1. Give Ala21, Ala64 a once-over and let me know the one that is within 14 Å of the ligand (Cβ to nearest atom) and either at pLDDT 90 or above or crowded, with 20+ Cβ neighbours inside 10 Å (or both).
2. Are there any helices (runs of 4 or more DSSP H) wholly within segment 6-58 with 3 or more residues that are farther than 23 Å from Phe311 by Cβ, and if so which?
3. So if I check each of Ile260, Ile281, which one is open to solvent by 10 Å² or more (accessible area, probe 1.4 Å), outside any helix (DSSP H, G or I) and closer than 30 Å to Asp379 by Cβ?
4. In segment 327-342, which residues are in contact with a His (Cβ under 9 Å, 6 or more places away or on another chain) and either farther than 19 Å from Gly93 by Cα or more than 16 Å from the ligand (Cβ to nearest atom) (or both)?
5. For a quick check of your reading: which helices (runs of 4 or more DSSP H) sit entirely within segment 134-249 and have at least 1 residues that are over 30 Å from Phe364 (Cβ atoms) and touching a helix residue (DSSP H, G or I) at 6+ places or on another chain (Cβ under 7 Å)?
6. Go through segment 115-133 residue by residue and tally those that are in a helix (DSSP H, G or I) and open to solvent by less than 60 Å² (accessible area, probe 1.4 Å).
7. Report, ordered by the first and then the second residue, all pairs with beta carbons closer than 7 Å, sequence separation of six or more or different chains, a first member in segment 325-337 that is under 13 Å from Gly166 (Cα atoms), and a second member that is within 11 Å of the ligand (Cβ to nearest atom) and among the hydroxyl-bearing types (Ser, Thr, Tyr).
8. Condition first: within 12 Å of Leu178 (Cβ to Cβ), of a type in the set (A, V, I, L, M, F, W, C) and within 9 Å of the ligand (Cβ to nearest atom). Now tell me which residues in segment 310-326 satisfy that.
Amino acid sequence: MINTDTTRVTFGSRIGILLAAAGSAVGLGNIWRFPYMLGSNGGAAFLLIYIFCIIFLGLPVMIAEFYIGRHSKSNAAGAFRIIAPGTKWSVIGYIGVLAAFLILGFYFVIAGWTLEYIFQSVTETFVDKSVDDFRVALSDFSSGIFRPVLWIIIFIAINHLIVSTGVKKGIERSAKLLMPLLFVILIILCVRSLTLPGASAGLDFLFRPDFSKINSSVLLSTMGQAFFSLSVGMGCMITYSSYFKDTTNLQRTALEVTLIDAMIAIMAGVMIFPAVFSFGIEPTAGVELVFITLPNVFGKMFLSNFWSCIFFILLSVAALTSTISLHEVATAYLHEEMKITRKRATLFVSFGVLTLAILSSLSFGILKDFTLLGLTFFDLLDYITAKLMLPFGGMLICIFVGWRVDKKILKAELTNRGSVAFYFFTIYCFLIRYIAPAAIGFVFLNELGLLRFLKS
Ligand code: PHE
């Protein structure tokens with residue numbers, strides 16, 4: 001079955017489509033998580049495996065999501081109902097909508113932090129402070145109640161405004177404005193970092209392959225990172241591609257989004273490590289790298305406030321275009337499935353995620369002792385979504401498109417009814433039918449193993 005609704009809204013231009021999809025993919029996953037994972041998992045060796053994962057697993061899933069979205073012209077849950085009516089496949093879509101909600105529940109907390117750090121960059125000085133000063137400052141701030149929540153409210157309000165304004169005027173326009181801004185800031189910061197004395201030590205650290213660090217667990221978390229970073233496995237790309245035009249080249253768009261996402265992740269590494277090494281600071285892991293190590297680096301630079309300010313603007317812009325896409329998954333679902341207006345749907349989602357995000361934020365402070373499976377609320381949301389729901393969703397999407405969808409219909413959609421070529425269609429079908437679900441299933445089982453481990 002195909003959705004013949006020609007009145008449905010679409011993005012306006014090819015560049016708008018590309019920037020909106022790339023905006024979803026490029027986020028905190030690229031600028032904060034990727035460089036640290038690369039740095040601590042064998043540099044160039046990790047990079048090679050990462051590139052392998054995005055090309056042979058992430059990209060096929062993205063193409064599959066583009067097929068589902070554009071073919072059905074529907075939200076993530078409705079899409080499966082339209083393509084496979086009367087079946088249980090729509091469960092994949094419901095899992096996706098739920099995942100969007102839960103990811104926002106923790107993502108908004110970090111997004112709020114980026115605003116706090118923009119504010120601090122403007123109002124305070126980072127000069128003459130030690131790593132410990134920054135560590136104490138972060139923990140004082142994040143364990144508080146009003147300040148982190150205030151920033152979350154502001155970030156959600158910005159999201160709310162953009163998403164409620166609609167697909168073309170809100171989402172597409174903001175992506176066209178924010179993505180070039182992100183790119184320009186990233187280039188400026190890369191140049192600044194690379195021209196610092198001793199920058200080459202950072203590049204060395206980043207690109208020197210060290211295969212001794214590669215083991216099965218690194219392999220598996222690399223795959224997880226690839227999915228999270230490409231925004232696949234939960235219906236985000238289904239929702240966005242439902243707004244694509246009938247003439248949009250799906251294969252090329254997926255390839256471009258994947259390349260942009262990988263390139264920005266690598267550039268983030270180029271921006272961070274030379275600077276960190278230039279000032280003789282140890283590249284530490286996780287949240288620390290961006291909120292403790294980097295302010296410390298900026299404090300040692302000439303014009304420190306300027307550099308830290310534009311860095312945190314970069315981070316918040318990256319987070320914004322990603323949160324918009326997550327918000328849209330849930331909003332489109334409520335709007336179309338529950339038949340309520342877009343404005344109302346946006347309002348429900350905004351208030352829903354606000355509740356979750358407040359709970360996550362408080363789990364750094366007064367709620368830090370409320371744990372499940374040994375995880376705080378924030379960590380639990382992160383764990384359930386990125387580690388369980390995305391791989392599971394990605395695997396089901398592969399199985400759906402690989403086994404349930406008629407190859408002729410799939411090929412017709414992916415070639416715009418024969419008007420563009422798809423040279424590797426047979427290889428693509430093989431990947432999506434056997435290789436990708438098997439590999440993703442492997443990641444998933446690994447994580448389930450972890451879950452049992454955590455329970456005992
Ligand atoms: N890809 C985004 C990032 O790298 C996160 C994201 C995941 C966005 C899933 C949408 C869907 O930060």
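The values are calculated or read from the model by the stated rules, or taken from the named source; none is laboratory data. Predicted model, so just to flag it, every value in this text is computed and none were measured. Ideal geometry is used to build each Cβ from the backbone, glycine not excepted, and the neighbour counts take in all protein chains shown. Surface areas here come from the heavy atoms of the whole protein model, side chains and all, with no ligands, DNA or RNA. Shrake-Rupley method; radii C 1.70, N 1.55, O 1.52, S 1.80 Å.
1. Working: Ala64 fails: within 14 Å of the ligand (Cβ to nearest atom).
When all the criteria are applied, what remains is Ala21.
2. Numbers: elements: 14-25, 34-40, 44-53.
Once the helices (runs of 4 or more DSSP H) in segment 6-58 are filtered for at least 3 residues that are farther than 23 Å from Phe311 by Cβ, what remains is 14-25, 44-53.
3. Numbers: Ile260 fails: outside any helix (DSSP H, G or I).
It is Ile281.
4. Filtering segment 327-342 down to residues in contact with a His (Cβ under 9 Å, 6 or more places away or on another chain) leaves 327, 341-342.
Thr341, Arg342 - these are the residues of segment 327-342 that are in contact with a His (Cβ under 9 Å, 6 or more places away or on another chain) and either farther than 19 Å from Gly93 by Cα or more than 16 Å from the ligand (Cβ to nearest atom) (or both).
5. Working: elements: 146-165, 173-194, 199-207, 216-230, 236-241.
Filter on segment 134-249 gives 173-194, 199-207, 216-230, 236-241.
6. First, the residues of segment 115-133 that are in a helix (DSSP H, G or I): 115-123, 131-133.
Then keep just the ones that are open to solvent by less than 60 Å² (accessible area, probe 1.4 Å); that gives 115-118, 120-121, 131.
Qualifying residue count for the region: 7.
7. Ser325/Ser24; Ser325/Ser231; Ser325/Tyr240; Glu328/Thr239; Val329/Thr239; Ala332/Thr239
8. Within segment 310-326, Ala318, Ala319 qualify.
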